[in-house]
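Below: one structure, written as structure tokens.
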Amino acid sequence: MKRKKLIILLLSILLSSFLYGQSSEIDSLRNIISKTKIDSVKVNSLNELGQKLTKVDLDNAMDTIDLSIEIAKKSEFIKGLALGYKIKGIIFYYQGQVDTGLTYFYKSLDIYESNDYVSEAAKMYNNIGIIQKSKGNIQEAITSYLKAIELLKQTNDKATMVTVSINASNVFYNIGNYQRALEFNHNALSIINEMENKTIADSIQIGHIYKSIANIQTDQKNWKEADSNYLLALKIYEKVNSLSDIGDIYLNLGVVQVEQDSFINAKNFYLKALPYYQNKNKIATAMLNIGEVYINIPNFDSSKFYLYEALKLNTEIGDNRGIALAYSTLGKLFNKQKKYTEAIKNLKIALDTAKKVGDIKIIFGVSEELYKSYKETGNFEKALEMHELFKTMNDSIFNTNNEKSLTQMSMTFEFEKEQEQTELRYQEELKRQKIIRNFSFAVLFLVILVLISVFSSLRTKKRKNEELKKKNAEILQQNEEIETQKEEIEAQRDEIEEKSKEVEKQRDIAIQRGDEIDYQKKEIEASIRYAYRIQQAIIPDLEPLKNNFSDHFVFFRPRDIVSGDFYWVAQKGNKTIVVAADCTGHGVPGAFMSMLGVSFLNQIISGLDDIQSNIILNQLRQMVMTALKQDNEIADSSKDGMDIALVVHDKNTNKVQYSGAYNSMYIISQRDVNCENSAKPIRLFKSNNSDKKLCEVRADRMPIGVFIIETDDFAENTIQLEKGDKFYLFSDGYPDLYNRKDETKFTTKRFKETLIDSSDLSMSKQVEKLEKIYLDWCGEYKQVDDIILIGVEI
């Protein structure tokens, strides 16, 4: 009780001192305002008073700043007017009128920029960036920060440069552009390390930068670099005794260890974090992490203790998300102990709480654990319900991640475009300055020539005047000659000036046309690079091939930056689907068709429970025809589409289903390969250099798209494969390689020989051989078609 009273007394003294100090300063400013006759002093004092009143009385602060703005306008005190607009914007922001506040920020910025107040303009851009970020206008925030940095390079304001660089880094980190985030963090670190007489606040700022860099490296899974930077931050926080920050570092080090499955080390770091926390929310987070890591060690009793402690703290502070996580982790613990009744009880509470806060990731994890519990207890109806919820949440997370990825790419593209335009403006300014400089030199040179001529003429005239005393007649004749020379010089000067103007006019036209061509070229290249990023983003990764086959390779070579050929892999249950496709066209048109194909394949596989190769192609053809508005009976119907080879592999039986539209499938094996239900016989091919056989499973002679005759269903070919067998899916790009030097085509026969002769090599060595042949065949010329070739070893 005595300690509490002492604390209350100290707080009262501090508050009284603060209020007294504020009151004293305010009275002093009011005294200056009432006595001074100098408008600039009055405006500066009103602005300072308005700033102080924002902390105690917003209405009074607004009245004070309105008076300052009125006097500044009348006295034309520009700098004071700009500061008044800035403070008025801050007051509106504090009142929740963000858009109105932003309007006054821009008014202040206009004054600072038009009057070359560089440092003040940079600070305004930083403030605008902060407001735009809070509104979710990320691109506007980035643009504001970059303009602030560009202006600060002209000043020695290092402290503001550090602040703006950190703000820019945070924006880029939030949109997932880790490279830019790291660049701005390192820039801030470099500047602050150059500063002399660093304060404790500067040291803490350095620690925060190291922690931010480590957070980015953790997201990038660069564990070693993340550990190193966390330890640098820890050393600084320990030196300045920043307790909560020390706890955060230990907690983050624990997370890094968990990501590497080093649970003992993670537990030790989490336990180190606990003593440094006073905040109940952070203590609860640390205890929750300790409880979860004990499950994996495993030490179930310790896990239960820390999880119940975390639950208790989260309940006290009313953190529903923390409560949901605690119950969810308890359910996971009881599942591990096979105490399914207890698990279900805790997980149901976790699910209800997570639904209240709308946390998809928690619902995702809880539904997965409930599925396990219900399945083990034989409640299959509930298990199915949880499995459906799990799938729904998984799809939602997947879609959210896709949207975030596309947003990140769009933001990155806009940022790079803005950078290119800034660089273009800079180069144009350099050209303009060079032209002005050269023109000035030319004019100066002409003036010197004229002066030399005039000076020479004057000297001649003086000499002739001296001789005038001797011979008047001779002097008169010489004077006439001088006047004639003078007129000729002036005529020549006029002619030179006219020619100079004409040359300048032609040069300006040439520069303008050159700039227009460069700009159009850069715009087109930027658009194609953006299309390439989008195409790469939607093509799935190759994890299903790595997880389900002995080895594989993908040989993908677009003819242009973007490709009409594409590959696609997916896994559903025990089945892996592999696709190699060749769309109509090349470059951007082909790329759009490939993106359509990937999107339709994702929809088809998501909606099928029984995966069959021919059904996938039938549905794909129908979706393409519908999307492109194709109809056999319409004469001018679009003929666009794709040729495709598709394989469905059953991991349990090593059987593959193959269906193809024009594109065949090759199988290389020591034995004869037979189809169980093929309508067409398998073609065999042998090489003199190998005892293996290449078996060609032929495709249907119709495309994915409209066809000249009424289309039938695609055939399904089922083949039993064995370990060591290899199969290949491809477009016509590799067989159609064209040697422009010899004017010869690679051909399908040579392609088959190449595959079977190199089939004894590992997949990595085989694709190296294919790469070498490709480079030798194309030479210095550009390939004629997109290429996709997929090789898989069972």
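The values are calculated or read from the model by the stated rules, or taken from the named source; none is laboratory data. Values in this document were obtained by computation on a predicted structure and should not be read as measured data. Counting neighbours? That spans all protein chains shown, and the Cβs are built from the backbone with ideal geometry, glycine included. Areas reflect the complete protein model, heavy atoms only, side chains present, ligands, DNA and RNA absent. Shrake-Rupley method; radii C 1.70, N 1.55, O 1.52, S 1.80 Å.
Pairs to check: LYS336/LYS382; LYS282/LYS372; LYS282/LYS339. Give those whose C-alpha atoms are more than 21 Å from each other in this structure.
Numbers: LYS336/LYS382 19 Å; LYS282/LYS372 31 Å; LYS282/LYS339 30 Å.
With Cα atoms farther than 21 Å apart: LYS282/LYS372; LYS282/LYS339.
Please say if the range 704-794 is rounded, prolate or oblate, where rounded means a/c under 1.5 for a ≥ b ≥ c the square roots of the C-alpha gyration tensor eigenvalues, and otherwise the choice is prolate for a/b larger than b/c and oblate otherwise?
Oblate is the answer for the range 704-794, as a/c is 1.5 or above yet b/c matches or exceeds a/b.
Calculate one ³J(HN,Hα) per residue across the range 114-123 by plugging θ = phi - 60° into the Karplus curve 6.51 cos²θ - 1.76 cosθ + 1.60, and present them in order as whole Hz with x for glycine and proline.
These are the phi-based 3J(HN,Hα) values: 5, 10, 6, 8, 5, 4, 5, 4, 4, 5 Hz.
Counting pairs of alpha carbon atoms under 8 Å apart in space and at least six apart in sequence, what relative contact order in percent does the range 226-305 give?
Values: 85 pairs, mean separation 19.2, N = 80.
The value is 24 percent.
Applying a 10 Å radius around every beta-carbon, put 267-277, 755-765 in order of their mean neighbour count, most first. Each step should come with its number before you reach the end.
Numbers: 267-277: 19.9, 755-765: 16.5.
Result, highest mean Cβ count within 10 Å first: 267-277, 755-765.
Using only the heavy atoms of the protein chains and a 1.4 Å probe, how would LYS338, LYS135 rank by accessible area, largest first?
From most exposed to least exposed: LYS338, LYS135.
Using the Karplus curve 6.51 cos²θ - 1.76 cosθ + 1.60 with θ = phi - 60°, work out ³J(HN,Hα) for each residue of the range 104-111 in order, rounded to whole Hz, and write x for Gly and Pro.
Rounded to whole hertz, the list is 6, 4, 5, 4, 4, 4, 4, 5.
Using a 1.4 angstrom probe on heavy atoms only, work out the carbon and sulfur share of the accessible area of the range 256-363 in %.
48 percent
Out of residues 5 or more away from ASP551 or on other chains, whose amide H comes under 5 Å of its own, with H placed 1.01 Å from N in the peptide plane?
Counting only residues 5 or more places away or on other chains, the set is GLU793.
For THR315, what accessible area in Å² do you get when you roll a 1.4 Å probe over the heavy atoms of the protein chains, rounding to the nearest 10?
About 90 Å², ignoring ligands and nucleic acids.
Relative contact order for the range 137-217 using alpha-carbon pairs under 8 Å, separation at least 6, rounded to a whole percent?
Normalised by residue count, the contact order of the range 137-217 is 26 percent.
What are the residues whose amide H is under 5 Å from the amide H of ASP565, where those residues sit 5 or more places off or on another chain and H is modelled from the backbone?
CYS583
Can you give the three extents of the C-alpha atoms in the range 172-275 along their principal axes, from longest to shortest, in whole Å?
42, 32, 20
Could you order the peptides 149-157, 775-783 from most to least packed, using the average number of other C-beta atoms within 10 Å per residue?
Going from most to least packed, we get 149-157, 775-783.
Rounded to the nearest 10 Å², what accessible area does ARG750 have for a 1.4 Å probe in the complete protein model?
The accessible area of ARG750 comes to roughly 90 Å².
Can you give the accessible area per residue of the range 641-700, in Å², using a 1.4 Å probe?
Working: 2580 Å² over 60 residues.
Each residue of the range 641-700 exposes 43 Å² on average to a 1.4 Å probe.
Which FRET efficiency value, to the nearest 0.05, do you get for PHE300 and LYS221 by plugging their Cβ-Cβ distance into 1/(1 + (r/R0)^6) with R0 = 45 Å?
After rounding to 0.05, the efficiency reads 0.95.
Can you give me the C-alpha center-to-center distance between the range 182-209 and the range 640-659, rounded to a whole angstrom?
Using only Cα atoms, the two centres lie 56 Å from each other.
Near the amide H of SER242, under 5 Å away, which other amide H atoms are found, from residues 5 or more places off or on another chain, if H is placed in the peptide plane?
none
Could you tell me the center-to-center distance, by alpha carbons, between the range 565-609 and the range 340-401 in angstrom?
Measuring centre to centre over Cα atoms gives 30 Å.
Which ³J(HN,Hα) values in Hz, rounded to whole numbers, follow from the phi angles of the range 353-363 under the Karplus curve 6.51 cos²θ - 1.76 cosθ + 1.60, where θ = phi - 60° and Gly and Pro get x?
Per residue, the Karplus-derived 3J(HN,Hα) values read 5, 5, 5, 5, 8, x, 8, 5, 5, 5, 4 Hz.
Kindly rank 319-331, 578-590, 201-213, 375-387 from highest to lowest mean number of other beta carbons found within 10 Å of each residue.
319-331, 578-590, 201-213, 375-387
Straight-line reach from LYS42: which lysines have a Cα under 30 Å away, not including same-chain ones fewer than 8 places off?
Candidates past the 8-residue exclusion: LYS52, LYS55, LYS73, LYS74, LYS79, LYS86, LYS88, LYS107, LYS123.
Do you know the relative contact order of the range 161-294, to the nearest whole percent, from alpha carbon pairs under 8 angstrom that are 6+ apart?
Reported relative contact order: 15 percent.
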